[in-house]
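Structure record follows, encoded as structure tokens.
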2 protein chains.
Amino acid sequence: MAFRGSSNETYYMVTFLSGIEYWKGVYAGMQAAADDLGVKTVYTGAPQYDINQEVTTMQQVIAKKPAGILVTSINARAMTPVIDQAIAAGIPVISFDSDAPSSKRYAYLGTSNYEAGQKAAEYLGKTLNGQGQVVVVTTPGELNLDQRTQGFKTEMAAKYPNVTVVAVENGNSNQIQTAQVTSTLLQKYPHLSGIFATEADEGTGAATAVKEANMTGSVKIVSFDTDKATLDAVKSGLITATIAQGTWNMGFWGLMDAFAIHHDLLHPVASWQTAGVDPVPPSVDTGVTVITKSNVGAYLQ
Amino acid sequence: MAFRGSSNETYYMVTFLSGIEYWKGVYAGMQAAADDLGVKTVYTGAPQYDINQEVTTMQQVIAKKPAGILVTSINARAMTPVIDQAIAAGIPVISFDSDAPSSKRYAYLGTSNYEAGQKAAEYLGKTLNGQGQVVVVTTPGELNLDQRTQGFKTEMAAKYPNVTVVAVENGNSNQIQTAQVTSTLLQKYPHLSGIFATEADEGTGAATAVKEANMTGSVKIVSFDTDKATLDAVKSGLITATIAQGTWNMGFWGLMDAFAIHHDLLHPVASWQTAGVDPVPPSVDTGVTVITKSNVGAYLQ
């Protein structure tokens, strides 16, 4: 009965912009694992995009002496001290989605954004039969998005050398701006056959511009993430495909890690704590899935 | 009681060179998870370094209709069909240590060899106070070892620019050859202050040569893995440090993955099988630990 907790054992999830839809997928995975283990979970976070607010939330959670914490960090440097404070208090901390790599958290579970970009290129290159001009709409300077762009470009060049990335433009993670940028691109490249949007609002913005130009279907759009607007656009054909992150895996296996540490189920060597051994795998790629019309139904349920 | 199996539920581990000590660490982790879950395990594999032998072993295991298989592949291409055959038979297959990335296995758990090389460089650079000449003894052409070498060189150049890698030599994964190669290097570079051996036999071979030259301690050796000879050499000071792989994590979390799939505990989306969703994180870095005199005791127990 090792994997059975007690009913007063509570694990917290701490986020920033805590109201956004994206975290719900992570928390659903955490709740599923908690049900399986017979423990409780609490969702909390900073409602705003505010560093101090998330640090304060973490401090409040630590004061409750929870059995474990799953946290995504608004800012790695700002969150490191409070994560280390939790570890010092004997609370297992697992990091997900947005890491604080220099902190003492036991593990990080998240998307390999470079590989996500590679998957987008593989899908788009195949869909275009290895021929054509494509553009990337992204927000340069945002690390995750830059990695997606880099993975896309590298993979396309390697696997589909006759698909040319003719431009990388700034959509500023904004629908309206992206629609404008895309309209300009459609005029400049009348034979454009594909768009990779590295972020969901850029995906729906690009879809709007392509629709207005009556080019839906002839310009294939690959977007990112699984908010309702994106999934609906995949279903209706405005967006050809979107890259889903393994949010459920982050929550499920994040909680499994925290539980295993809390219950000391891990003993690869005697006294792993002082020996500096990782009690759980320190870095976990939670995977991505290409969602198209053929499998979007499973996600819309 | 989700994480409680039945006593007739059996999971297999399949290896090549099945008698070597290295796999014991992985199997110990698998057994620990099996005890926690109340299921059985069986260890098997190809005794020789023989592709056909491992393929045949897999076929024999599939015929027993086990609850799951953890496998390390002697050769990715040769093992892919038989792994896919197991998946087609409804058996969850998890890959560890040596992957078959194009197969349909659900996940791979293993060491990031590039990062392992980086850790070796970090430790050796710090130990040398950022000054000196070092060499790498490795077996060029072996992918894992090449990645360790590359990680070591890149990290050393970035973090310790005054530590110069003066040579990368072939020890051919052999103690005697490495001792000879190292003797030559010690004559050629009389001020040598460090050696990184990317493989255990090269580590003990280098230690023999350094000892014969009466330079133990003045030439720091960082080796790889945790066989008894290496750990004893760390304890006695012949080897300064060795890089331990997270073998226990491979076995423990590999079994957790197989169990979770077998029991269908994972339902991030309805019908994940047909939707192409990863039911478990597809890629897991199981971590490395630097072992020195100060923590070798925990490993020798």
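The values are calculated or read from the model by the stated rules, or taken from the named source; none is laboratory data. Everything numeric in this text was worked out from a predicted model, so none of it was measured. Neighbour counts run over all protein chains shown; Cβ positions are idealised from the backbone, glycine included.
B:Y43 fulfils the conditions (1) away from every other protein chain (no Cβ under 14 Å); (2) crowded, with 21+ Cβ neighbours inside 10 Å; (3) at pLDDT 95 or above except for a single criterion, (2). Just the residues that are touching a Phe, Trp or Tyr at 6+ places or on another chain (Cβ under 7 Å) and of a type outside the set (A, V, I, L, M, F, W, C), please, taken from the stretch B:212-246. Hits for the stretch B:212-246 are B:D225, B:T226, B:T242. Number of residues in the stretch B:145-168 that are surrounded by fewer than 20 Cβ atoms within 10 Å (Cβ to Cβ) and outside any loop (DSSP other than H, G, I, E, B): the value is 13.
Considering the stretch B:4-33, and only residues there that are within 14 Å of chain A (Cβ to nearest Cβ) and in contact with a Leu (Cβ under 6 Å, 6 or more places away or on another chain), the residue that is nearest to B:N249 (Cα to Cα) turns out to be B:M30.
Here's the yes/no breakdown for (1) of a type in the set (S, T, N, Q); (2) modelled with pLDDT of 95 or more; (3) farther than 26 Å from B:L300 by Cα:
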| site | (1), (2), (3) |
| --- | --- |
| A:V222 | no, yes, yes |
| A:K228 | no, no, yes |
| A:I239 | no, yes, yes |
| A:I243 | no, yes, yes |
| A:F259 | no, yes, yes |
| A:H267 | no, no, no |
| A:V284 | no, yes, yes |
| A:V290 | no, yes, yes |
| A:V296 | no, no, yes |
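Scanning the stretch A:220-236 for residues that are surrounded by 23 or more Cβ atoms within 10 Å (Cβ to Cβ) and facing chain B (nearest Cβ under 10 Å) turns up at least one hit. Which of the residues that make up the stretch B:114-137 are over 23 Å from the mean Cα position of the chain (by Cα), assigned to a strand (DSSP E or B) and not polar (S, T, N, Q)? Passing the criteria: B:G132, B:V134. Listed by position, the helices (runs of 4 or more DSSP H) contained in the stretch B:1-98 that have at least 1 residues being in contact (Cβ under 8 Å) with a residue 60 or more places away in the chain, in contact with a Gly (Cβ under 8 Å, 6 or more places away or on another chain) and among the hydrophobic types (A, V, I, L, M, F, W, C) are B:22-37.
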